[in-house]
Structures are given as structure tokens and as C-alpha cells.
There are 2 protein chains.
Amino acid sequence: MKKYSYLLLSFLFMVCNVYSNNDKTSVSSPNGQIKVEFNIDKEGKAFYNVSHKNVPVIGNSYISFKFNDAKELKENLSVVDTKKNTINESWERIWGPTLKVVNNCNMLEIQLQEKSKLKRRFNVIFKVYDDGLGFRYQFPEQKNLNKVFIADEQTEFHLSGDYTCWWNPGDWDSDEHLFSKTKFSEIDGTPYLKNQLTHSYIPDVMAVNTPLTMKTKDGIYLSFHEANLTNYASMTLKCDTKNLKMTSALVAWEDGTKVKTQTPFETPWRTIQIAESAAGLIESNLIENLNEKCKIENTDWIHPQKYIGLWWAMHVGQYDWEMDKNNHGTTTQRSKSYIDFAAKHDIESVLIEGWNECNPKWMVGERKCQFDWITSYPDFDFPEVVRYAKEKGVKIIGQHETNGLAGKYMNEMEGAYNFMNELGIKTVKSGYVGAKVPANNYQQGQYMIEHYRAAIEKAAEHKIQLFVHEAIKPTGLCRTYPNLLAEEAARGQEFNAWGTPGNNPSHVVILPFTRMLAGSMDFTPGIFDIKLKYRENNQVPSTLAQQLALYVVFYSPVQMACDLPENYENNPAFQFIRDVPVEWDNSKVINAEIGEYLTIARKEKDTDNWALGSITNEEKRNFEVPLTFLNEGVQYQAFIYADGENAHWDKNPLDYSIRNKYVTSKSVLKIKLAEGGGQAIFFKAIE
Amino acid sequence: MKKYSYLLLSFLFMVCNVYSNNDKTSVSSPNGQIKVEFNIDKEGKAFYNVSHKNVPVIGNSYISFKFNDAKELKENLSVVDTKKNTINESWERIWGPTLKVVNNCNMLEIQLQEKSKLKRRFNVIFKVYDDGLGFRYQFPEQKNLNKVFIADEQTEFHLSGDYTCWWNPGDWDSDEHLFSKTKFSEIDGTPYLKNQLTHSYIPDVMAVNTPLTMKTKDGIYLSFHEANLTNYASMTLKCDTKNLKMTSALVAWEDGTKVKTQTPFETPWRTIQIAESAAGLIESNLIENLNEKCKIENTDWIHPQKYIGLWWAMHVGQYDWEMDKNNHGTTTQRSKSYIDFAAKHDIESVLIEGWNECNPKWMVGERKCQFDWITSYPDFDFPEVVRYAKEKGVKIIGQHETNGLAGKYMNEMEGAYNFMNELGIKTVKSGYVGAKVPANNYQQGQYMIEHYRAAIEKAAEHKIQLFVHEAIKPTGLCRTYPNLLAEEAARGQEFNAWGTPGNNPSHVVILPFTRMLAGSMDFTPGIFDIKLKYRENNQVPSTLAQQLALYVVFYSPVQMACDLPENYENNPAFQFIRDVPVEWDNSKVINAEIGEYLTIARKEKDTDNWALGSITNEEKRNFEVPLTFLNEGVQYQAFIYADGENAHWDKNPLDYSIRNKYVTSKSVLKIKLAEGGGQAIFFKAIE
């Protein structure tokens, strides 16, 4: 039956291809390999398809909109006009895995209008790059479409085969799931209903969240997502596993409406990354290219940073978040000891969590504790901590835990940022643990998306850099607001502290090909106490060497050294965490396979130093890596942090071997990864 | 011929043994294994012999004194009286390889008097320990012996065999030679006359300096030295290679007199360590037990320390010592950068060398530069450096380079120490590079010995800790004056920077069995840039891992991390230098063979942590080391800094492998040492 539907699809594709072979409504990537064709069928329905090297990737896929209070915008459409354009420019990131980004695409704008009496208009804009495409809908101001209540956006993605997918469920309240790997036809989120997340809402087990990544039987890699999610609802993808078709399913408001807006407006870009290798997905800049230019004029105050924090200690139960429990973590005294550790080890910043009244008590129970983002717990003297940090040359990262109280935070944000400004704090981690209030607003819904955006803009006004936990998935906004350093929006290290289950060894080799394609993640690597002395039944599913490798493999402008200081003391492997840069100007993916392994080399910004990270899933591997990426003519001292001979993520996770070698760009390194293992190398250029 | 003389000796020994078998003039060690017999022959000459487990070690050996202006004290002696006593006590060191020292010996005092008309008297005191013996001469106040000008002390050590010896020549001005290993009968210092030392005076190629270490064909280890060298001249040993006999040969004043003194006086102890293993020599406390108790009442201000310093940079030629050369090392600015490095890496102290006017210019050329120990070079602001260090929590080690001007220093010492006190400096490194002035006073002669002692006592008055370069060999005085932390008095690391030749790979496995038996040495380990980028034709004859191991193998209460800070940055092996304790309370020699290998484990003072160092000469080795020394019932995280698979002191000295292992006292470690290699382990006790 599956085979039959695939054949049918191919046949239809060919037929339509002939029918719609019109230069004016098709567009190819600059290298000609990706081609998008748009057309209108006999009933006046609009559809598009996508091919790669003349092989269909997305078959004919229809687009339409349903409204609460108006007729569906679906049929009787005609192409009024089309426009084409080419963009070929480059722009500079303030921070990122590479600083120079080429933005080279061909554009096609299709202007559509209903032939019926309403004559409603909208445009479909395609931008086709060598690494994929994006398209969005523009709704101009018009008489018969003013206030708009979208009941459903129905953008189809008709797969040309039963691709292998890495997916997690269409949860409206969380992205913190483990990924599943199945054929598309086998997608079924039912098992996720029994998940262990505190907050989760999966209204349709046949929907998945994005980025959704696939591999075709021809070895083509695809990832579906959206870019520039602004004033809209997040898109999940409802899967028709029989017909190999996905349809956009937007997250709703309480009343079931998906998006409340008015013309003129435009939707986010619906994006499809297309690459001939898994590495190509990672090296793609599609998502950021589809966002707007930086809106912050002077960005001098923005820069990447490494940090430690009073955080993991609470996750593993060494201390409590709350002051009225036995052992409050974030006291003045303990903050100072963390500051001392940071100063000693050249870690730029210290995160202070659980510092303010009620934090995060509101999350559980009756939610009666009164709090703001100004009043400290009595045992935490914020000005004194900031003074001490300054004396030691350490920066403090403040924390705004909203406990989901977005409405309250919205009202008090100005004062909260002012307070940070007064203290001289330039970076804030915000958090949204718990059900969102006003109630029945989902994390991925339009209300929260507008909230997150307001917080970013308000932070920018206050010259505050943000990284957000329990955040909406990134959609490339960091290009426009580079003060948005990172987001969580996925299942991070914290689940290894208390998750039942925690993460699994393949999680870290799926994240870079899925969630991390969307933008930087505050995963918080660096656990040395893999077996977690404070948590008998949990462990990190990784070797210690892999924890180091994550600092290179996972790009983020904020990188936490997340373990307890006592677990770093005396351990020579900590030297890598001290050394690994957090600002890069260039990156190369050396090898990659989704869910299996990933090796990336990155060049430190403004120096000749490089670092390399290599990780694997539960299988051990051997690689030969020619160091051709190193600067030519430069000699390097390579400090190699490898899995030990008997290393194994579960049986012997702490077995490592640190070595020391002189290399050049002509050298070839043999890299051996244990089960669940990794290797991290710091290449120090010798003057 | 050699065989014949040995047989003859054995025969004589047996004869005499019978003749002198007198309980009153013999004494044994507490365990009965070492026996000393004293007697008078028919001519009234005094002699002694020593046996170990009834095997003769030292055959009949005569004692006598020659005077400039009086008849030799040699014949017609009679035993007037004898006294016996037993000491069984223990005492506590302030610092040392072990803190508790057992002092358990049997004493025998022989009161001698000439039968002739002068009736001069002197006593010989023997103290016989399980680990060897010491004997000294006491001269009571007496009519016919008042002012005393010793022309020669002639204490014989008549070897009972042609033992294998590790020796260096009887140099009156220096101990900075490489050791020779020969049969006793082959000792000949002629090759040393062509040595490369700036200052050296070898008046007799058949004499050797002490400690002089030997191994008998039965595998008994001996080391000859002296203890409590006070108001006397240093003893060299003149070797009669034909008759397998050594005779004390004291270092002379300019006029040929050896010692100028007056009754009552006593000589230093002549010491013979005796052990059944090479390890036994190292574990012996004989030398300190033969010194006087601590004379410093309050010793709170004395404590071991690790330090870095502006020192190696001058040795390798990165900077100059002197300000009027191109690139003065010890400027205010550079001192601050070293202070920053020390603060960052928890190194307690920073040594400042070449800070004062003329330092060390006076050493060479016309010696016309005027200097004191108060006036800084204009580019070195001492109060500012001290202020900055204090701010950073770092201590400064001052330096008094005398350039051999002992007379001048003696006069100005008070002011120089006052200046250190004013600055708040509590540790001073002193140096005596160059020929000694007043001229023709040798480093090992009585004048200098009194000078060094005066400096130690004056420092103690000022609560200043000293470590002395170009010093007289230690003789256990640190028991009496624990502010004498260490001395050089041997060929240290510095020769690897510019020596032609430098040291050789076996040097470090000879030092602990020779020079270091006498007391702690400021060897300055820790070179990472083994091949010395600033010195093309020199290198350190060691692997990097061996450099780490030296911090454990070489006991000293001052341990320098002597390489350039830039060579430590980023190198994970530096973690060992940060971690290795400098205060211990217990030590165990795991295995040892002179000139071949040495493995020592030491317990950190007041913690359960241990460290282990293992080193080898140019031969690679494998050991199995049961960790029975570790505290029972404690789990340890072992950070293992080992030679890499292809490590070799010359071919691949930087190849190391750092590993990480959980162990207990029941674990057994396999230790693999490369040629010229080593292994260092820090055992961190887990709470």
C-alpha cells in the first residue's frame, strides 16, 4: 500500500510537472540543484513542489487558510502576477559558528487572488538557496480581509517517499522530549502521552514539532522548520502517515483560534533545509538568512561568554532552590565561593539562580507565594555579591524565573531590567517553568511568542543579553536581536540529573541535526561526576571526554561549565573547559551522521587556535581526521582529551587519556571514540 | 691484588676482633645489627670498626689529629673511662618527608688521654642507630690544648671491600658536579679538572665530597657524610684506592690551617648510613637525629611553599638579569605578570631575582659595580610589587645575591633583612655565585661555614626563611634552624639550560641517594619546554612526566614551578603542579635502585590525599605498585600523569598521557616509565 501510494505520487508529480512547466512560476537555487515549482490546479487551488537534482523531494503540496469568521481561502485562486529577484550579499554575525554569512538566493513572488467575489489577495514568496528554501505568505491590506482570525493555516509538505525521520511530538507546551527515529509512516506520538514532563500538552499524537529532520533513501537530508516566527503561532506538523503528507498545524489560543492579527501581515517562513550530507544541514545558514537584519545599532555590549552557576547543585539536590527549605543554595556566601572559583579559572561569569523571594516555589503547590524580580531572599545580598564579583573581575548573570507568569512579568519587566541595570548586570537568564499565566496560553502559542519577543526587545533597550529557558524554539531571531544569546527549547543536560529516564547516549548526536539547526542552545555540558554522587539512580549517558567535546560540537555563545566546582578541582581535564573558546570565526563539520556521530572543528575568533570536538552515540568508532582545516604554515600544540582505553559511557565513563602532540595542517589524527564517548582537542598555535 | 688486600683486611679484622672484644668499648644498634668496636693498639693508637650482621663493613680505622703548632695526637692513647647510654625518643618536624622522627640509638663515650707528658684529652662519642652511626670528637677545656689550629683531622674509614661508589670530586668551592659511578678502587677525579664550573677548586683528585654513597657486593648500602657542621671545616674524603681506605681531609683556610678553634669544642658527627636497601638510605633520619633540637621557640612563621619566579627566563636567555643589558627581566611590570600567574594558579609565592643594582654583574669582569641589598634597579619598584602581590594574595620571595661577597654581606645583613621585614617579605633566597671574598676563603671552608650559619641565625632573628644557592652541603641543621628551608649545593636543573654538558638522565636518580640524603635541595623541577626553544643546543634530559614526578621524588619544603608561565598555559599537565602538595606528614619509598629508578609515595599533611612519583634513568621500566600505602577504607580518585606510549627523554619528551582512575589501598597500579621517563600521581581522597 505504501509502495503503491509512492508510485501514484510519482506519477502525479510527473503529470503536474508537465502541466505546470512555467518559468514564471518556478524558481531554482543559485546552483540550479533545488527547484521549486508553483501552480494552480483546475479547481483554482494553489500548490508547489520541490525537487533536488531533478529528483522530487516534496511532491505537489497544497496551501490554504481557514478563518474563524470567513470563508476558507483555498479555491478559485489565480496568479495575478509573479516577480523574480536574486539576492547575493554577505553579512557579518556578531557571534556564531562562522562570522561571515553568504546570503545568496533566487526569489519568486506569486501574487494570488480569488476569482470569486471576495477577491481576497495574498502572496507566496519563495526564497531558494543552495541549502534549501523558505516560503511565506504575505497578506496585503485589503477590504475583505482586515481583522484576521486564522482557524488553520494548511501548508502541505507532501513527501516523495517514506523518509526516515527524527522527531518529537507536537507538544504545545514543551520541546523537552527525547527524539524518536522512525520511518515517516510510523510516526505516532502516543507513547509521549506518558511522558514525565511537568508541563506538556500534546493535543494530537499525529503532530510533531519542528525542526523535523529526515533522510531520504537517496541519502538526501531534509529539515523542516520555520524562520522569523513573529506575531504568529508556532507551527507543528500534522502527519498523514498513509499519504506521506504533513500539514502545518498551528498552536491555538484558548478559544481555538490559531492566530489573531490584521492585514497587512506576513507569516513566518516555512523552511526546508536540503543537503546531500548530514554535515550540510549543520553548515546551512538558511534560518538566519530568512530573518531580518540586526535591529540593534550599537552591539558593543554583546559578546559570548563561558559561565558557571549555582544551578546544577540544585538539580542534583546538593542544595535547595528555596530559602525555606533546609539548605538554600544561592546565599551570599556560596555565591562568593562560586565567584572565587570563576576568578581562579578564568570563567567570565557566574549565574545566580534561586536568588529572589519565592523562586521557584510558585511553580508547585498553590502558587500563593508573592514575588517580584527585585526582592532577594534575606540570605542573599545582591549588591554585595555584585560588588565582590566586580572586585574579582567576574561578571554576574542574573536570573528572572517567571514560573510561567508571563502576564505579571510583562507588567514588571521594565522594573526588573532596571534593577539589573542598577546592579550593572548585563546578562540575564530567564525561565518559564510551569503552566503559563494568563492560563491556557501555551508556550508555543501566539500570546507567548509575542511575550518572548517583547522580553527580547525590552532587554535590548536595557542593553541586557538574554538566554531563555522553557523558551519557544529559536527561529533565527538572534540575527535581528543578537542580545538573544541562546534558548533552551529542548531536552538539556538537566534531565540527566533527575529525568526518569534521563537522556540517552544518542540524544547528543540527534540534537545538532534537529533542535540546534534552529539556533544556539544552552545545553550546559561539562559534567565530570558522570555517575552523580548526589543522585543514586541517575547518571549522564556520556563519557567524561564526550562532555568536553560538546563544548565544540554544540555551538552556543553561552557555554556553561555546569558541574559542581568540587568536581572540577584537581581534574586535569578541566583545563579543556578553561581553554575552549566561546567565540569563533569559522567552523568545519568534519564528519556527521544523524544520531550516530559528529565531528566539528572551529577556529577561535581573532587567533590561529582551533578546537575540535567529536562525539558518538552508544557505538564506538574510529576516525582518521586530516587536519587540513588548521591554518597553513602554523605549528600547533594539540592537547588531546580522549576516551581512555576502557572508556564506556556506562561501565567506565571517567576513563580518559589526555595527550599532547605537535601537529600542522598536514598531520592526520586518529580519533578513537568509546561507546557514548567523545574527544576534544585544543590546538594552540605556536608563535 | 685487590682480592689479596681484601683477604688481608678480613684476617686483620678477625684478629683485632678477638683482641678487642670488650663490652665496655663496643656498642650495637638497638636492633643489634650494627656493631661498632673501639680499641687501642699496642702503640696506643685509637681505632674503630663497624660490622653489620656480623659482616665487617668498615675495618679497623684509625683516628688522629695533626696541629699546626703542637704534636700530633695519635699515639700513646689510653682509654680513661667509657660511658654508655640509650636514647629512645621521638620528635616532631615542622616540615619534612615524615613529621614524626624516632631517635633511638645506643651511645658509647670513650674518654681518651695521652699517656705521654702532655696528657691531652679527647672523647669519641658513638651513636649507633638501626640506620647507621655517627661519631664525633669532643675536646674538653684543658691546660695543654687551648687555642687549637687543626692541620689535619685524620679519621679513617677502612672499607671492607671494593664497593661500588657514587661520588663527585673533593671540590672546595662547589658541589655542582655530575656524579661518577665507579668501584672505590677506580676513584680518580682527574676528569673533573676540566669541568665547566665558573668556580671550582679541586686540590686533590683523589678526594671526594660527601655525601658519598656506596653499595657492597652483599647489597649493603652505605653513605658517608657529616652531621651538624658547626665552627669547623667541611670534610672531604681522601681515597686510598690501593688500600680501600678513606681519610677525612678538611677544607683549608688560606694559610693551610683546617680549623681554627679553642677548647672546649666538638667536631661535627662523622656519619655512616647503613641500609639493606637503597630505599633504606632515603628513609633514614640519621643526619637530623645527630643535630641539635630546634632553637627557634615560635615557628609559626615557617612553612613550606610552592613558588614560581623570574629566574628560568634569565637562565634560558629570554630576559637579562642586569638592567643595563637589552631586556631586563625583573621589572615592576613583569613581576606583576608573574604575580598574576601565581594568583591564577594558586602558587603561593613569586621569587624576584635580579632586582637590585649590579645584581649579578659583580660576578664577572672587574667587580667594580657598587651594590647593596636595598637599592633596586630603577625599573623595579619593590614596594609597588609587594603591594600588588598582597592585593593578589601572593607572597614575594626576596633575593640576596651576594656574588660571593660574604664579608660585605656579613656587615650589611642586618640592614638587608630589616629591608625585607619592612616590605613584609618572609622568605629570602640567597646566592653566593662567584669566588668568595674575603679572597681565598673556599665555599666549604670554616670561614664560609661560619658565615652561612650567621646568615641563618640572623634570618631567624628577623623571622625570615632562607634557601641558599651556592651553599655548603646540608648537614641536618634544618632541625635546629627550620627556617633554613633548602639549599642548592648540587647540580640543579639550571645546568640543563646552559651546561655544556647539561645533566644526564641518570643524574636525577643519583641525587636522592647522595646529595639529598643530607637535606632538602632546591632543584627546581617542572620544565615543560623540554627542548628549550630559547636554547637550541640544550635540553632537559627527561620526559615531561618525569618533571612532574620530581615534585614527589625530590623532597623539599620549597618547590619551584620553574618553567616560563607561557609554557604552562593551556597544558593540562600543569594541573599536577598545582595539586602536588608541598607539606607532607608521611612518606614511603616504594622501590629504589641508585642511578636506576626511584618510586616514592607521600601523604599530604592533614589530609588523606597522597601523591606518588616514579622516575627512571635512560632505561624504560615497568612496575606493579600495590597501593597499600593509601589510607585504608578511603576511596581515591587517582589522576595519573604518565609517559605517553612513544615517550623518550630525547626523541619524544613531551609525549604524555593523563588518566583518571578510582582506586583504594587494595588496588595495584601498573606503572610504565619511558627512557628518561617518570610518572606522577595525585590521589585525591573522596569524602
Within chain A, helix-based [θ] at 222 nm, where runs of 4 or more DSSP H residues each add -39,500 (n - 2.57), nearest 500: -5000 deg cm²/dmol
Cα-based helix-to-principal-axis angle, B:2-19 vs chain B, degrees rounded to 10: 60 degrees
Inter-copy separations for A:Lys293, label at 7 Å along Cα-Cβ, nm, ascending: 8.6
Magnitude of the charge dipole, the protein assembly as shown, Cβ model with Lys/Arg +1 and Asp/Glu -1, debye to 20: 1620 debye
Kirkwood Rh, angstrom, the range B:555-663 [1 / mean 1/r, Cα pairs]: 15.6 Å
Built amide H within the under 5 Å cut-off of A:Asn356, gap 5+: A:Tyr377
Calculated P(r) of the protein assembly as shown - Cα pairs past 43 Å, %: 54 percent
Label spacing, shortest first and in nm, from B:Gly393 to its equivalents in the remaining copies (7 angstrom along Cα→Cβ): 1.3
Nitroxide proxy distance, nm - points 7 Å out along Cα→Cβ at B:Asn440 and B:Glu92: 5.1 nm
Kirkwood hydrodynamic radius (C-alpha pairs) into Stokes-Einstein, the range B:445-546, 20 °C and 1.002 mPa s, D in µm²/s: 142 µm²/s
Listed residue (B:Gly219, A:Val508, A:Ala545) projecting farthest to the positive dipole end of the protein assembly as shown, Cβ model: B:Gly219
Centroid-to-centroid separation of the range A:237-294 and the range B:517-546 [C-alpha atoms, Å]: 62 Å
For the range B:2-289, alpha-carbon Rg over 2.2 N^0.38 Å: 0.98
5 angstrom amide H check on B:Asn103, placed H, neighbours 5+ away: B:Glu89, B:Ser90, B:Trp91
Förster radius 30 Å - calculated FRET efficiency between A:Gln318 and B:Tyr662, Cβ distance, rounded to 0.05: 0.90
Within the range B:309-417, GluC sites (Glu not before Pro) in DSSP loop having at most 16 other beta-carbon neighbours inside 10 Å: B:Glu366
Low-density loop positions, GluC sites (Glu not before Pro), the range B:101-209 - DSSP coil, at most 11 other Cβ in 10 Å: B:Glu141
Dipole of chain A, positive end: most advanced residue of A:Cys294, A:Ala343, A:Pro360 [Cβ charges, Cα centre]: A:Cys294
Computed E for A:Glu384/B:Lys390 - FRET, C-beta separation, R0 22 angstrom, nearest 0.05: 0.45
Virtual spin-label span in nm between A:Ala685 and B:Asn76, 7 Å along Cα→Cβ: 8.8 nm
Charge context of B:Thr402, other residues only, Cβ under 10 angstrom, K/R +1, D/E -1: -1
Gain upon complete extension [B:Lys45, B:Asn327; 0.36 nm per residue less C-alpha separation]: 95.1 nm
For B:Val55, inter-copy label distances in nm, listed shortest first [label point 7 Å out on the Cα-Cβ vector]: 8.3
Whole-percent pair-distance distribution, where bins are 10 Å wide, for the alpha carbons of the range B:52-188: 9, 26, 30, 29, 6, 0
Added length on full extension, which subtracts the Cα-Cα distance from 0.36 nm per residue, B:Gln635 to B:Gln370: 89.5 nm
Å³ per residue enclosed by the Cα convex hull of the range A:118-229: 148 Å³
Span from the the range A:422-480 Cα centroid across to the the range B:604-653 one, whole angstrom: 51 Å
Shielding by partners, peptide B:573-584 (average Cβ within 10 angstrom, other chains): 2
Chain B - Debye-derived log10 I(q)/I(0), Cα point model, q = 0.06, 0.12 Å⁻¹: -0.33, -1.35
Long-range amide H partners of A:Val433 with built H, under 5 Å: A:Thr402, A:Asn403, A:Gly404
Tilt relative to chain B, helix B:382-391 - C-alpha long axis, 0 to 90 degrees, to 10: 70 degrees
Stokes-Einstein D for the range A:293-489, Kirkwood Rh over Cα pairs, 25 °C, 0.890 mPa s (µm²/s): 144 µm²/s
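Here, each number is a calculation from the coordinates, and none is a lab measurement. A quick note: this is a predicted structure, and the numbers were derived from the prediction, not measured. Glycine also receives a Cβ, built like all others from the backbone with ideal geometry; neighbour counts cover every protein chain displayed.
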